[in-house]
Each structure stands twice: as C-alpha cells, then as structure tokens.
1. Taking the Cα centre of the chain as origin, sum charge times position over the Cβ atoms of Lys and Arg (+1) and Asp and Glu (-1), and report the length of that vector in debye to the nearest 20.
2. At a Cα cut-off below 15 Å, give the aspartates and glutamates reachable from Lys56, other chains included and same-chain residues fewer than 8 away excluded.
3. Which whole-percent values make up P(r) of the chain when all C-alpha to C-alpha distances are grouped in 5 Å steps starting at zero?
Amino acid sequence: MKDIKTSRMEFTAQIIADYLKGEVEGNPGAKVSAFAKIEEGYPGALSFLANPKYEKYL
C-alpha cells in the first residue's frame, strides 16, 4: 500500500485551467503539485487571490 504522505499528484496549469474553464497566462506546461497560502507560495504550488490586500504577493 502506498504511503499517502509521500505520494503526490501533479497537474499542469493547462489541465487545471481546462477543468475550471479558465485560461493560462504564462506557461501552460507548468507543473502544480501542492497548495500554498499566497504569501507562502513557491514554484509548483497553487494559490488564489480573493482579497486585494494580498496583491503584493503576486
């Protein structure tokens, strides 16, 4: 049995955009394998912006 803590799912930005009926601005092949708060973001992590006070982290 796989240890769920060490297995990771990985999606491209394009796959996520297609699922959400959105569009990619940038590299559609960028790999995403984690979630992060926008202020703690790092390459490969997905964040979202809902409050304009966090725009400085873009």
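1. 200
2. Glu39, Glu40
3. Histogram of Cα-Cα distances, whole percents per bin: 4, 17, 21, 24, 19, 9, 4, 1, 0.
The numbers here are math on the coordinates, done by the rules we state, and not lab data. Note that the coordinates shown come from a computational prediction; the quantities given were computed from them, not determined experimentally. A quick note on method: Cβ atoms are made from the backbone with ideal geometry, for glycine too, and the neighbour counts reach across all protein chains shown.
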